[in-house]
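J.: Pasting in a structure now, in structure tokens, and then I'll have a few things to ask.
The values are calculated or read from the model by the stated rules, or taken from the named source; none is laboratory data. No experiment lies behind these values; they were computed from the predicted model shown. Note that each Cβ is placed from the backbone with ideal geometry, even for glycine, and that neighbours are counted across all protein chains shown. Keep in mind that these areas ignore ligands, DNA and RNA; they rest on the heavy atoms of the full protein, side chains included. Shrake-Rupley method; radii C 1.70, N 1.55, O 1.52, S 1.80 Å.
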Amino acid sequence: QVQLVESGGGLVQAGGSLRLSCAASGSIFSINAMGWYRQAPGKQRELVAAITGGGTTTFTDSVRGRFTISRDNAKNMVYLQMNSLKPEDTAVYYCKMAVERIWPRYERDYWGQGTQVTVSS
């Protein structure tokens, strides 16, 4: 089995920063794409940022220039550094990883349980 665990959420004032972390554990052979999604109350889950196995990053327009995504392949971790936070960034943040297990050897997506980020105005 593979488990993803997020950490780092919390309450912050507008203009502040938070760093989210997501760690994968279990019978992992390799991890390809990693990403962060968020879901605000009454809204659909949306992609915030993603990073490929080769390190190419993408961001949704609303966070570009404020958020950065990075990964540590040795630790099977992905990070989301969030700066200049706005109240509209308030949501539950989820990490997702495309994991190839040791056995059986096929790739599938795994999700974390989510971490709450609340930005007060």
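J.: Hey, got the dipole for the chain? About the Cα centre, +1 on K and R Cβ, -1 on D and E Cβ, debye to the nearest 20?
T.: Computed charge dipole of the chain: roughly 40 debye.
J.: Can you figure out the FRET efficiency of Gln3 with Glu46, using R₀ = 22 Å and their beta-carbon distance, to the nearest 0.05?
T.: Using R0 = 22 Å, I get an efficiency of 0.40.
J.: Quick one: Karplus J couplings for the range 88-100, per residue in order, coefficients 6.51, -1.76, 1.60, θ = phi - 60°, nearest Hz, x for Gly and Pro?
T.: 6, 7, 4, 4, 8, 9, 10, 9, 9, 9, 8, 10, 9
J.: Let me ask something else about it. Quick check: Cα centre of the range 1-43 to Cα centre of the range 95-121, how many Å?
T.: Each part's Cα centre sits 7 Å from the other's.
J.: Express the carbon and sulfur contribution to the solvent-accessible surface of the chain as a percent, rounded to the nearest whole number, probe 1.4 angstrom.
T.: 49
J.: For Ser84 and Trp111, FRET efficiency with R0 = 22 Å and r from the beta-carbon atoms, rounded to 0.05?
T.: Given R0 = 22 Å and the Cβ-Cβ separation, E is 0.25.
J.: Let me ask something else about it. Give, as a single signed number, the net charge of other residues whose beta carbon lies under 15 Å from the beta carbon of Arg71, with Lys and Arg counted +1 and Asp and Glu -1.
T.: Counting the neighbours of Arg71, the net charge comes to +1.
J.: Counting only heavy atoms of protein chains, what accessible area per residue, in Å², does the range 1-97 have with a probe of 1.4 Å?
T.: In whole numbers, the range 1-97 has 49 Å² accessible per residue.
J.: For the pair Ser121 and Ala14, how long in nm is the line joining their label points, each one 7 Å along Cα→Cβ?
T.: Rounded to a tenth, the inter-label distance reads 0.6 nm.
J.: Tell me, in nm to one decimal, what length is gained between Ala74 and Thr57 on full extension, where the rule is 0.36 nm per residue of separation less the Cα-Cα distance?
T.: So the extension gain works out to 4.3 nm.
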